[in-house]
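The structure under discussion appears below in the form of structure tokens.
The values are calculated or read from the model by the stated rules, or taken from the named source; none is laboratory data. Because the structure is predicted, anything quoted here is derived from the model rather than measured. Methodologically, a virtual Cβ is constructed for each residue, glycine included, from the backbone with ideal geometry; neighbour enumeration extends over all protein chains shown. With ligands, DNA and RNA removed, areas are computed over all heavy atoms of the protein, side chains included. Shrake-Rupley method; radii C 1.70, N 1.55, O 1.52, S 1.80 Å.
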Amino acid sequence: ALCAHAEQELALARVVAGDLPAALHWAQASLRSAERAADPRLMAHSLARIAIFEFLQGNGVRLDLLGKADALDASAGQEPAGRLPLHSPSLGKGLVLKWCDRLDEARVVLAGQYRNALDRGDEASLPFLLYHFSELECWAGNWDAAEDYALEGCRGAEESRQQTMAPAALYCLALVRAHRGQAVQARELATRALALCQQARNVPVAAQVLSVLGFVELSLGDHQAAVSHLDRLAEAAAAL
């Protein structure tokens, strides 16, 4: 069981490092360890990770795995207070729904996860949830809500000293400011976020930040600057 938990954490670390094949490898290894431990909750979390990483690699939506993960997690009862995982199977399903543009369904899932985190005093999970909430509302065109969530995420990341989540919150704030035409603010926020990504070696969020910078410069008609950012984005995406 301890090995399965460690392998799950390794899988997440590889995602942040920009190595999706290795992330999938460790998620599959964690499932084998969880099965040997006969621990349904660990099996559920491993299955959810496999479904997410398969999706991110272009292998389609594995609703079968996500459904099985949800059922296993529900059968395991209430999560022990000593271990509050960031990526629950339910949240994994919400993220995949968001990435598939099923925004209304994803919003319901994320709202439930947010309420659960508040109810159990799990402040450490809030910046990650707010990051996805803000991005979802920006995609939906609800820019006031998107900005509120981004600002709350920035405060939460700072108060909980989550250096890896700070650039994600800044990215969300830059994204909504860019869509509102506040180009100077968006560029400044994105530039700060990119520097923090480089310090933390957060590859996926760095790619998102580059997309905002490219969008801002393209909107302003500075095509050379846009190409500079989007070239880097293309290289980052290919490396992933």
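Any residue at all in the range 152-169 that is under 15 Å from the mean Cα position of the chain (by Cα), surrounded by 23 or more Cβ atoms within 10 Å (Cβ to Cβ), outside any helix (DSSP H, G or I) and of a type in the set (A, V, I, L, M)?
Within the range 152-169, one or more residues are under 15 Å from the mean Cα position of the chain (by Cα), surrounded by 23 or more Cβ atoms within 10 Å (Cβ to Cβ), outside any helix (DSSP H, G or I) and of a type in the set (A, V, I, L, M).
In the range 107-116, what count of residues is obtained for those that are modelled with pLDDT of 95 or more, buried (at least 17 other Cβ atoms within 10 Å of the Cβ) and of a type in the set (A, V, I, L, M)? Show your work before the answer.
Residues of the range 107-116 that are modelled with pLDDT of 95 or more, as a first pass: 107-108.
Add one more test, that the residue is buried (at least 17 other Cβ atoms within 10 Å of the Cβ), and what stays is 107.
From what is left, the residues that are of a type in the set (A, V, I, L, M) are none.
Residues that pass the stated criteria total 0.
From 148, 119, 104, 144, grab the single residue that is modelled with pLDDT under 90 and among the acidic types (Asp, Glu).
119
Residue-by-condition table, conditions (1) more than 26 Å from residue 19 (Cβ to Cβ); (2) surrounded by 14 or more Cβ atoms within 10 Å (Cβ to Cβ):
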site	(1), (2)
171	no, yes
179	yes, yes
192	no, yes
196	no, yes
208	no, yes
211	no, yes
214	no, yes
239	no, no
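List pairs: first in the range 28-42 and open to solvent by less than 40 Å² (accessible area, probe 1.4 Å), second among the basic types (Lys, Arg) and not in a loop (DSSP other than H, G, I, E, B), Cβ under 9 Å, 6+ apart or cross-chain?
Matching pairs, first to second residue: 30/49; 31/49; 34/41.
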